[in-house]
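Student: Provided herewith is a single structure, encoded as structure tokens, for subsequent inquiry.
The values are calculated or read from the model by the stated rules, or taken from the named source; none is laboratory data. None of the values given here were measured: they were computed from a predicted structure. Note: ideal-geometry Cβ built from the backbone for every residue, glycine included; neighbour counts use all protein chains shown. Accessible surface is based on the protein model in full, side chains and every heavy atom, while ligands, DNA and RNA are left aside. Shrake-Rupley method; radii C 1.70, N 1.55, O 1.52, S 1.80 Å.
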Amino acid sequence: MSSEDLATKYNSKETEVKWYSYWESQGYFHPKSDTEGKRFRDSRYVIVIPPPNVTGILHMGHALNNSIQDILIRWNRMKGNDTLWVPGVDHAGIATQNVVERKLAKEKKTRYDLGREAFLQEVWKWKEEHGNTITRQLRRLGASCDWSRERFTMDEGLSRAVREAFVTLYERGLIYQGHYIINWCPRCQTALSDEEAAHKEVEGGLYHIKYPIAGKGRQVRQTEVGQAEKVGEDHVVLATTRPETMLGDTAVAVHPRDPRYRHLVGKKVILPLMEREIPVIEDEFVDPEFGTGVVKVTPAHDPNDFVMGQRHQLAQINILNPDGTINQNGGAYVGLDRFEARKRVVEDLKARGLFIRRDSHLHAVGHCYRCNTMIEPYLSKQWFVRMRPLAEKALAAYYQGKTKFYPDRWTKVYLNWLEGIRDWCISRQIWWGHQIPVWYCDPCLEISSDKKKQGIIAARETPAQCPDCGNKNLRQDPDVLDTWFSSWLWPFSTLGWPDATDDLKYFYPTSDLVTAPEIIFFWVARMIMAGLEFLQEVPFRRVYIHGTVRAQSGFKMSKSLGNAIDPLEVIEEMGADALRFSMIMLSAQDVYLSREKFEVGRNFTNKIWNASRFVLMNLKDFSGGRLDLDLDLSKLSLADRWILSRLEQVSSAVENQLGDFGLSQASSELYHFVWNDFCDWYIELSKPILASVEKSKKEATQKVIFFVLERILRLLHPFMPFISEEIWQKLKAKACDQNLWPLTLSLASWPHEKAKRFENPEAQKALDILQRAVKGIRDLRLRLQLPPTQKLSAVIASDQSEILSVLKDHEGQIKILARLEGFDLKPSFEKTKAFVANAFSDFEVFIRIEGLVDPVKERGRLEHKIAEARSRIDLIQRKLADPDFTAKAPESLVQKEREKLVDAQRVLKSHEAHLELFQ
RNA sequence: GGGCGAUUAGCUCAGCUGGUUUAGAGCAUCUGCUUUACGAGCAGAGGGUCAGAGGUUCAAAUCCUCUAUCGCCCACCA
């Protein structure tokens, strides 16, 4: 085997390593920022990667997300745009801290044993050792990121950006600190944002409890029969899903217009177990329809109760420790875990005769999105971003058409969220992350009893002393910021913000954002707000939301569910190109994966490889390949003109699809073109010419096949970068104009020309005739179970001379493709019993069988065909008989129906005539 | 409780703004094949009243309404 040949089998592993390291080392993914204006800003194409977590390992969701981005990036790079794909990794505060804490736990240590400083060193160490797993894996996928611009949300520059953003917002009055009910994860022991509290339906209980009315002797009127259970002589019944929180109750509430309880308002009840008197208040919030119409009010442990508590100036009693155990405010229950406390509270209520019943109750409960622990609404002091003003800007930008969502239905989701936006709790009680750039001066804090910010210093640079009193002993807020507080700056922080770098000037705003629906709120919406707030410009023009990857079972694919397919295993086994192509083809909507689904891509790589082998084998004596075709088109064979015409159609279809994020449609367009048109027909039609001794004809076909394959590889390259490059390089060796060729396919130009120089409807029509003739004969041979070795001869009859001449011109090829000994062409043909036939509207094919066929079978076949034709004719006739149709449908359509009718009738007549012979 | 998506051949899915589609593809099934690249292949075949019911229209898988089943997202009803 000479070096210009392709091996019998495609070696994906070797190829992938070879080309990826070449591309990367040559800096092909590294655009320069061109602020000189040598190029138009319109010719930029920029994507920032959704930064995977440092703790992440590549899963199928990443594989899909990054394959899509890489296709868009490579496509744009080939189109000659200044194309930048900014990669990077997210520090993933809670997730990463959890990982390191788990590691410590194995050594029976906690983070508190180490202390903050030493713990953070541990995390950094972990990051150095394991943090580049995901970026290595992205390279294996083929992701053509500019690694020289790789960022980490905790690196120096991004940390600066975070401080800048925080302090700017603080100065604009958009950041505040306050005591509010937030979502608290007792396991992670930190606050969470609303978005981080994943609501899940849980089968819980609705506990009915009696609260005695204070001041015995006061009679409670029996309202109606049937209400007895709700309003007794000396108590009120209420319902709760979390009985243990009663320890912190500071009121009981009813609806102001609820007649059942009017008389109770203003009275007091005795909080059982705590033996505390609490008031009965009225509040519109209470739904008389729910439960008994009476609500216990726990301002420190329920968001609604908190608000209600503020309206009525109720005390807030926090009964929980940060770890979810009951604190000293919980009386006898101190120290118990919240769920244990629930049991005990219920038992004790039962013992006192105050427990009525537990109904089972389905309700949504928040769970920590990191560790899935049930969240507690918890009153604590946290930092918040006032989101309304930011959301207003984002809404305005949307209505100005600044950012568009694809598919469009996501805009509604996005807008709804913005319209109902709530403040963002950004402080986290963990250590791994950006520590809040706020310092306290304790002496000043003590002095300022009013609500001024005295003693609180938010600063970009660590302050040396208090600006008011000069105290040098400042204490930084121990909390860190929500991870998303750095992610929301990603599109510009990665480009150098807050510095006005060349990159920022040239590449911001970016072009597209490609991501999954899960993080529209977490990330996409916030990035848009941040972009508008800090740079007065939307961070990207278009947002492409692709489908979710699921296991075949329909569940989300995840390692913890054990239903994950490891993309690296697939790459190992079938190659990155196979993985990418399979996923993209399936990605028209949510992707349900199973192992077998990757076979499409694998088979396709195999097909491409072998077709290319064939081409290269037939170019042994050839070195006249060119980037552009230097042939007189009119002198090319029909097959050549046809494939060129199809190539052009497909190129522009792919171009159009890609422009609209129709990657799946584009990939399947290419798949069918390569497989069905190029391999099944064009290569087959070329074989006799390539084998012929007629040098000029052979050379012309060599040129065309070379040209078409080269274009195919370019079209395929964004989807399948490795195999296309490997073959392309071999092809390049056959070119006579190599000096015009780029060093790598990834820098070749995208083959889309506006001038339709190859468009050729005549060739397409002629080839269609040829294909039908061949298929018609093949069908007969198989249908009649004629032995393959049986020599056959055929007759093709048509009253259209153009058809006859097309077939005449390609006699040799038809003989090979249909495996005929020979055939005659006739303007008309008298059928005899010695023939079987297939009829088309414009011609008939006959095969001489000389009694080889069973007349009964043949009759059956013909009757079936006749029935088919009749039902078709019937359908068309009914349509044409409808006066509404002929009157209202466009004339061209009616005309078409008439033609269809004539065609169908011809087919019918042919079959009928033939059937008669076999009667 | 709201919103969104799905429902098309045994399986997995295309079918975008109604009319060249007699509703397609891939896998699976069946038949045949050492045809000078590919059996991960080649050549054929069978298989669907497009979830159901209404409606709009000359014309509906495609647009509208309702229903059913499945899935996702959002939501402070204790």
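Student: Based solely on its DSSP helices, what 222 nm [θ] is calculated for chain A when runs of n ≥ 4 H residues each add -39,500 (n - 2.57) and the sum is averaged over all residues, nearest 500 deg cm²/dmol?
Tutor: For chain A, the value works out to -13000 deg cm²/dmol.
Student: If you wrap a convex hull around the alpha carbons of chain A, what volume per residue comes out, as a whole number of Å³?
Tutor: Spelled out: Cα convex hull of chain A, divided by residues, is 264 Å³.
Student: Would you list A:LYS896, A:LYS210 from the most to the least accessible area, probe 1.4 Å?
Tutor: So, going from the largest accessible area down, we get A:LYS896, A:LYS210.
Student: For the range A:715-849, how big is Rg over Rh, using alpha carbon atoms and the Kirkwood form of Rh?
Tutor: Checking Rg against Rh, the ratio lands at 1.19.
Student: Another question, if that's okay. No solvent, one uniform scatterer per C-alpha: report log10 I(q)/I(0) for the range A:490-543 via the Debye equation at q = 0.13, 0.16, 0.21, 0.22 1/Å, two decimals.
Tutor: Log-scaled intensity ratios, in q order: -0.29, -0.43, -0.72, -0.79.
Student: Straight-line reach from A:LYS833: which aspartates and glutamates fall under 18 Å, measuring Cα to Cα and dropping same-chain residues less than 8 apart?
Tutor: Within the straight-line cut-off, A:LYS833 pairs with A:ASP824, A:GLU844, A:GLU850, A:ASP854, A:GLU858, A:GLU863, A:GLU912, A:GLU916.
Student: Next question. Using the Cα atoms of the range A:1-119, I'd like the radius of gyration and the largest Cα-Cα distance, Dmax, both in angstrom.
Tutor: That works out to 21.5, 66 Å for Rg and Dmax.
Student: Still on this structure, I have one more. Output the Cα-based Rg and Dmax of the range A:390-434 in Å, rounding Rg to one decimal and Dmax to a whole number.
Tutor: Both quantities, over Cα of the range A:390-434: 14.4, 41 Å.
Student: Amide H to amide H under 5 Å from A:GLY205: which residues, 5+ apart in sequence or cross-chain, H placed 1.01 Å off N in plane?
Tutor: Sorted by chain and number, the residues that satisfy this are A:HIS361.
Student: Separate question: List the lysines whose alpha-carbon lies under 16 Å from that of A:LYS732, not counting same-chain residues fewer than 8 positions away?
Tutor: Once the sequence-local lysines are set aside, what remains near A:LYS732 is A:LYS620, A:LYS703.
Student: Using a Förster distance of 22 angstrom, determine the FRET efficiency expected from the C-beta separation of A:GLU868 and A:LYS833, and round it to 0.05.
Tutor: Calculated value: 0.45.
Student: Against the longest alpha carbon principal axis of chain A, how many degrees, from 0 to 90 and to the nearest 10, is the axis of helix A:526-535 turned?
Tutor: That helix lies at roughly 80 degrees to the long axis.
Student: Average the reciprocal distances over every distinct pair of alpha-carbons in the range A:706-773, invert the result, and give the Kirkwood radius in Å.
Tutor: The answer is 13.8 Å.
Student: Work out the charge dipole of the range A:708-841 with +1 on the Cβ of Lys and Arg and -1 on the Cβ of Asp and Glu about the Cα centre, then indicate which of A:TRP750, A:LEU767, A:ALA794 is farthest towards its positive end.
Tutor: Farthest towards the positive pole: A:ALA794.
Student: Next question. Within the range A:837-862, whose backbone N sits under 13 Å from a point 7 Å along Cα→Cβ of A:GLN785?
Tutor: A:853-858
Student: Now a separate question. To the nearest 20 Debye, how big is the dipole of the range A:469-520 about its Cα centre, given +1 on the beta carbon of each Lys and Arg and -1 on that of each Asp and Glu?
Tutor: Dipole size: approximately 300 debye.
Student: Please list the equivalent ellipsoid semi-axes of the range A:816-868, computed as the square roots of five times the alpha-carbon gyration tensor eigenvalues, in descending order and whole angstrom.
Tutor: Semi-axes, largest first: 19, 15, 11 Å.
Student: Between the helical axis of A:721-732 and the dominant principal axis of chain A, each derived from Cα atoms, what acute angle in degrees is found, rounded to the nearest 10?
Tutor: With both axes taken from Cα atoms, the answer is about 30 degrees.
Student: Taking the Cα centre of chain A as the origin and placing charges on Cβ (Lys, Arg +1; Asp, Glu -1), which of A:ILE73, A:LEU568, A:LEU901 is farthest toward the positive end of the dipole?
Tutor: So the residue we want is A:LEU901.
Student: Same structure, new question: Could you derive backbone 3J(HN,Hα) for the range A:404-420 from the dihedral phi with the Karplus parameters 6.51, -1.76 and 1.60 (θ = phi - 60°), listing whole Hz in sequence and x where the residue is Gly or Pro?
Tutor: Each residue's phi maps through the Karplus curve to give 10, 9, 10, x, 4, 4, 6, 4, 5, 4, 5, 5, 4, 5, 4, 5, x Hz.
Student: Right, something else. Could you list the residues of the range A:650-669 with an amide nitrogen less than 12 Å from a label point located 7 Å from the Cα of A:TRP675 in the Cα-to-C-beta direction?
Tutor: A:668-669
Student: Using the structure shown, select from A:LYS857/A:LYS909; A:LYS791/A:LYS831; A:LYS402/A:LYS505; A:LYS754/A:LYS888 the pairs with a Cα to Cα distance greater than 29 angstrom.
Tutor: A:LYS754/A:LYS888
Student: Over all distinct Cα pairs, what is the inverse of the mean 1/r for the range A:408-483, reported as the Kirkwood hydrodynamic radius in Å?
Tutor: Computed over the range A:408-483, the radius equals 14.9 Å.
Student: Could I ask something else about it? With no solvent and one point per C-alpha, what does the Debye sum give as log10 I(q)/I(0) for the range A:341-418 at q = 0.11, 0.15 Å⁻¹?
Tutor: Debye curve over Cα of the range A:341-418, log10 I(q)/I(0) at q = 0.11, 0.15 Å⁻¹: -0.64, -0.86.
Student: Any idea what the dipole of chain A comes to, in debye rounded to 20, about its Cα centre with Lys/Arg Cβ at +1 and Asp/Glu Cβ at -1?
Tutor: It works out to roughly 740 debye.
Student: Probe radius 1.4 Å, ligands and nucleic acids left out: which of A:ARG409, A:ARG276 has the largest accessible area, and how do the rest follow?
Tutor: A:ARG409, A:ARG276
Student: What ³J(HN,Hα) values, in whole Hz, does the Karplus curve 6.51 cos²θ - 1.76 cosθ + 1.60 give for the range A:465-481 when θ = phi - 60°, with x put for Gly and Pro?
Tutor: Running phi through 6.51 cos²θ - 1.76 cosθ + 1.60 with θ = phi - 60° gives 8, 6, x, 8, 10, x, 4, 9, 9, 8, 10, 7, 3, x, 6, 10, 8 Hz.
Student: Based on the inverse mean of 1/r over its pairs of different Cα atoms, what is the Kirkwood hydrodynamic radius of the range A:578-649, in Å?
Tutor: With all distinct Cα pairs of the range A:578-649 included, I get 15.5 Å.
Student: Percent of Cα-Cα pairs per 5 Å bin, from 0 to the last occupied bin, for the range A:61-199, please list those.
Tutor: Bin by bin from 0 Å, the calculated values are 2, 7, 12, 14, 15, 17, 15, 10, 5, 2, 1, 0.
Student: Along the charge dipole of chain A, Cβ charges K/R +1 and D/E -1, which of A:PHE306, A:TRP19, A:LEU784 sits furthest on the positive end?
Tutor: It is A:LEU784, whose Cα lies furthest towards the positive end.
Student: What is the distance, in nm, between label points placed 7 Å from the Cα along the Cα-to-Cβ direction at A:ASP590 and at A:LYS635?
Tutor: Placing both labels 7 Å beyond Cα along the Cβ direction yields 5.9 nm.
Student: Let me ask you something else. Rg to Rh ratio, the range A:783-853, alpha-carbon atoms and Kirkwood radius?
Tutor: That ratio equals 0.95.
Student: Along the Cα→Cβ direction, 7 angstrom out, place labels at A:LYS879 and A:GLU284. What is the inter-label distance in nm?
Tutor: 6.2 nm
Student: List the chymotrypsin sites (Phe, Trp or Tyr not before Pro) in the range A:21-92 that DSSP assigns to loop (not H, G, I, E or B) and whose Cβ has at most 12 other Cβ atoms within 10 Å. Which are they?
Tutor: Qualifying residues, ordered by number: A:PHE40.
Student: Continuing with the same structure: For a 24 Å ceiling on Cα separation, which of these pairs sit above it: A:LYS32/A:LYS393; A:LYS267/A:LYS296; A:LYS210/A:LYS267?
Tutor: Too far apart for the 24 Å limit: A:LYS32/A:LYS393.
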